[in-house]
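One structure below.
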Amino acid sequence: ASSTENHLHQVYNNLGNIYREMGNFPQSEEMYFKCLRLKSDYVPAFNNLGLLYIAGGEYYRALSVLKRALAIDPNFPSAVSNFQKLQLLMNFLDIPFSSLFV
């Protein structure tokens with residue numbers, strides 16, 4: 001594989017970040033999915049999907065993808081921090097999350 005092919009997943013992840021910052025959530029999600037189709041264990045993409053879902057108010061989906069990130073790398077700092085912040089946010093909003101652990 002060429003060097004470009006080896007890093008294509010990172011390009012899609014970065015595009016996802018750009019679309020998320022622009023507020024284009026559907027396109028952002030698609031870029032993260034393309035990234036994960038190329039590299040299914042790419043923790044930054046799961047973490048970024050979590051941020052996307054938090055921004056869109058989809059807290060259960062956010063928890064799910066952040067848990068996937070942490071299952072791959074329990075010490076990935078952004079995922080640890082975002083997971084903890086999401087739990088606090090859900091507690092504040094009185095949204096149960098204990099039933100999510102599937």
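Identify all residues within segment 13-35 that are in contact (Cβ under 8 Å) with a residue 24 or more places away in the chain and touching a Leu at 6+ places or on another chain (Cβ under 8 Å); write none if there are none. If the condition is that a residue be in contact (Cβ under 8 Å) with a residue 24 or more places away in the chain and touching a Leu at 6+ places or on another chain (Cβ under 8 Å), then 16, 20, 25, 28 are the ones that fit.
Quickly run through segment 21-34 and pick out the residues that are part of a helix (DSSP H, G or I) and over 11 Å from the mean Cα position of the chain (by Cα). Answer for segment 21-34, where residues must be part of a helix (DSSP H, G or I) and over 11 Å from the mean Cα position of the chain (by Cα): 21, 22, 25, 26, 27, 30, 31, 34. For segment 44-62, does any single residue satisfy the condition of being polar (S, T, N, Q) and not in a helix (DSSP H, G or I)? No - not one qualifying residue is present in segment 44-62. The residue list 12, 32, 19 contains one member that is under 21 Å from residue 58 (Cα atoms), open to solvent by less than 60 Å² (accessible area, probe 1.4 Å) and not small (Gly, Ala, Ser), which is 32. Please verify whether residue 40 is part of a helix (DSSP H, G or I), at pLDDT 95 or above and under 18 Å from residue 14 (Cα atoms), treating the condition exactly as stated. No; evaluated as a whole, the condition is false for this residue.
A count restricted to segment 35-53 and to residues that are open to solvent by 40 Å² or more (accessible area, probe 1.4 Å) and touching a helix residue (DSSP H, G or I) at 6+ places or on another chain (Cβ under 7 Å) stands at 4.
Taking every residue in segment 68-96 that is touching a residue at least 12 places away in the same chain (Cβ under 8 Å) and pairing it with any residue that is among the charged types (D, E, K, R) and assigned to a loop (DSSP other than H, G, I, E, B), at least 6 positions away or on another chain, the pairs with Cβ-Cβ distances below 7 Å are 72/41.
The values are calculated or read from the model by the stated rules, or taken from the named source; none is laboratory data. Fair warning: this is a prediction, and the values are worked out from it, not measured in the lab. Note that we place each Cβ from the backbone using ideal geometry, even for glycine, and neighbour counts take in every protein chain shown. Side chains are part of the model used for accessible areas, which takes the heavy atoms of the whole protein and leaves out ligands, DNA and RNA. Shrake-Rupley method; radii C 1.70, N 1.55, O 1.52, S 1.80 Å.
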